[in-house]
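Comments concern the structure below.
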Amino acid sequence: MENSLRGLVLSKFKSISEFARILHWDRKKASRIVNRLQWPSAEEMDEMSNVLGIRDCETFVHIFLPFIPTKWEKEV
């Protein structure tokens, strides 16, 4: 499965370490979350969405909740 979170982070920041510094997080924590080895809490998702400039529900769900099917998914 595509990791949209990682792609978005690396498109906006030079590295995961830089992303972690902006969030005031430990690099290891940011790396685990970005690489989908750890699921973020609701508060962490909110912090990340602010830093990443995610402003709409569709993008938020696509980035942070990729495994949750919804009735609003686009048909292929």
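Taking helices (runs of 4 or more DSSP H) that do not extend beyond region 16-72, which have at least 3 residues that are of a type in the set (D, E, K, R)?
Once the helices (runs of 4 or more DSSP H) in region 16-72 are filtered for at least 3 residues that are of a type in the set (D, E, K, R), what remains is 27-34, 42-52.
With the condition kept exactly as written, say whether any residue in region 27-35 is more than 20 Å from P66 (Cβ to Cβ) and either exposed (fewer than 12 other Cβ atoms within 10 Å of the Cβ) or more than 13 Å from the chain's Cα centre (by Cα) (or both).
Yes, the conditions are met somewhere in region 27-35.
What residue, among those in region 43-72 that are of a type in the set (V, I, T) and in contact with a Ser or Thr (Cβ under 8 Å, 6 or more places away or on another chain), is modelled with the lowest pLDDT?
If we take residues in region 43-72 being of a type in the set (V, I, T) and in contact with a Ser or Thr (Cβ under 8 Å, 6 or more places away or on another chain), then V61 is modelled with the lowest pLDDT.
In a helix (DSSP H, G or I), closer than 15 Å to I63 by Cβ and within 11 Å of the chain's Cα centre (by Cα), is that true of R6?
Yes; evaluated as a whole, the condition is true for this residue.
The values are calculated or read from the model by the stated rules, or taken from the named source; none is laboratory data. Keep in mind that this is a model prediction, so the values were computed, not measured. As a convention, Cβ positions derive from the backbone with ideal geometry for all residues, glycine included, and neighbour counts pool all protein chains shown.
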